[in-house]
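Q: Here it is, the structure in full.
The values are calculated or read from the model by the stated rules, or taken from the named source; none is laboratory data. Here the structure is a predicted model, which is why all the values come from computation and not from measurement. With ideal geometry, Cβ positions are generated from the backbone for all residues, glycine too; neighbour counts draw on all protein chains shown.
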Amino acid sequence: DSVAEGKKMKCSLCTKVLKKMQDLAGDDPDESAVQAALQKGCRALGRRLGKRCQQLVSKYQEQISEGLQNGDMPQDICAAIGLCRS
């Protein structure tokens, strides 16, 4: 059904976005590295995805930032904010 499809899209978008952020933030990022990655990461995804990325980041910034600083996997962070099944 379309709800599951939408959720799946959100999950793959979320993991894609967070992998990009993780790469940009580096291995052991502090808060400022994560903030910079959050801003750069969305721009790096191009215009269409970038807009969805911005919405994702502004809505879940705290959880994403915390997850990245803790070294959590993108899939786990996305599950924690309810976009992926854990």
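Let's see how each residue does on (1) crowded, with 17+ Cβ neighbours inside 10 Å; (2) among the basic types (Lys, Arg); (3) in a helix (DSSP H, G or I):
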residue	(1), (2), (3)
Thr15	yes, no, yes
Met21	yes, no, yes
Val34	yes, no, yes
Leu38	yes, no, yes
Gln55	no, no, yes
Ser58	no, no, yes
Gly67	yes, no, yes
Asp76	no, no, yes
Arg85	no, yes, no
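Q: When region 40-53 is examined, which residues are found to be surrounded by 14 or more Cβ atoms within 10 Å (Cβ to Cβ) and small (Gly, Ala, Ser)?
A: Within region 40-53, Gly41, Ala44, Gly50 meet the criteria.
Q: Scanning for something in contact with a Phe, Trp or Tyr (Cβ under 6 Å, 6 or more places away or on another chain) and in contact (Cβ under 8 Å) with a residue 40 or more places away in the chain, does region 39-56 turn up at least one residue?
A: The answer is no, given that none of the residues of region 39-56 is in contact with a Phe, Trp or Tyr (Cβ under 6 Å, 6 or more places away or on another chain) and in contact (Cβ under 8 Å) with a residue 40 or more places away in the chain.
Q: If I go through region 23-32 residue by residue, how many of them are surrounded by 17 or more Cβ atoms within 10 Å (Cβ to Cβ) and not in a helix (DSSP H, G or I)?
A: 1
Q: Regarding Leu38, is this residue among the hydrophobic types (A, V, I, L, M, F, W, C), within 19 Å of Ser12 (Cα to Cα) and modelled with pLDDT under 90?
A: So Leu38 fits the description; yes.
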